[in-house]
1. Which ranges mark the helices (runs of 4 or more DSSP H) fully within region 21-109 that have 2 or more residues being closer than 16 Å to residue 236 by Cβ and at pLDDT 95 or above?
2. Looking at (1) more than 24 Å from residue 164 (Cα to Cα); (2) touching a helix residue (DSSP H, G or I) at 6+ places or on another chain (Cβ under 9 Å), find the lone condition where residue 208 falls short.
3. Say whether the condition of being surrounded by 17 or more Cβ atoms within 10 Å (Cβ to Cβ), under 17 Å from the mean Cα position of the chain (by Cα) and assigned to a helix (DSSP H, G or I) is met by at least one residue in region 151-167.
4. Residue 246 fails exactly one of the following numbered conditions: (1) at pLDDT 85 or above; (2) within 29 Å of residue 163 (Cα to Cα). What is the number of that condition?
5. Quick one: which of 258, 216, 251, 203 is surrounded by 17 or more Cβ atoms within 10 Å (Cβ to Cβ) and either modelled with pLDDT of 95 or more or within 24 Å of residue 13 (Cβ to Cβ) (or both)?
6. Go through region 180-191 and count every residue that is over 14 Å from residue 72 (Cβ atoms) and surrounded by 23 or more Cβ atoms within 10 Å (Cβ to Cβ).
7. Pairs, please: C-beta under 6 Å, at least 6 apart or cross-chain, first residue within 16 Å of residue 47 (Cα to Cα) and in region 138-151, second at pLDDT below 75 and surrounded by 12 or more Cβ atoms within 10 Å (Cβ to Cβ)?
8. State whether one or more residues within region 194-204 are over 15 Å from residue 58 (Cα atoms), in a loop (DSSP other than H, G, I, E, B) and out of contact with any helix residue (DSSP H, G or I) (no Cβ under 7 Å at 6 or more places or on another chain).
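The values are calculated or read from the model by the stated rules, or taken from the named source; none is laboratory data. Remember, predicted model here, so these are calculated numbers, not experimental data. Heads up, the Cβs are rebuilt from the backbone with ideal geometry, glycines too, and the neighbour counts pull from every protein chain shown.
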């Protein structure tokens, strides 16, 4: 129970702060801008559009990059070497303290995923199809994608193959799970590198991984799948996991992503708990 209490004590202050407010503002504004072509068209034709737009937002490299940069910004307090943590370490010991921080990272990652999904729904209030079916308008937009995007300057696509393979609820759930795990992986990697090397190296490593989305975009289609197997930051694009591009898939299966991410999370967590009391943290006076 104490460990659970410490986990929530490490989690709550870090989602109720200025960084989280800035994240919500930026992602909310960007989501509203991205939604306008679809919201305008739904208003013109008088048909509701699916509430499950979040997975399709994530197929935009620019949107995804800003999301990752926001995640890194919200978690920029890693490796939690603020002097305010010293009292908790004295009470719990380094390993229990680190385990509580790891739990807090996971909860924070889930929160960031849920908040971002929520702000992609808000621009469509009043025009939403809240059922577990894609609906006529969403299917039509997926089938006439090129013409719609040209006429309305839409910057992300609704993929027809995703509509065939997933229901709205299943696609949303899988997207939230994968996004939460990828964010957790990035933060744990930053944590481990920060305590083993330094904070700058940790930040640089996860930033480069986040920008790898553009590298995959510019990879030859025949090699995209092979490359993406080692780029977990691309896996949040679950909506294109079953889509072929030029006759080739570009992402591994959802089951591959899930197993890899869980294994990586467990390994990184174990390494952090192993090394946390063998390194000397540079304590900071700031609580940010």
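1. It comes to 54-57, 61-74.
2. Answer for residue 208: the failing condition is (2).
3. No, region 151-167 has no match at all.
4. (1)
5. 203
6. 1
7. Close Cβ pairs (under 6 Å, with a partner that is at pLDDT below 75 and surrounded by 12 or more Cβ atoms within 10 Å (Cβ to Cβ)) amount to 141/148.
8. yes
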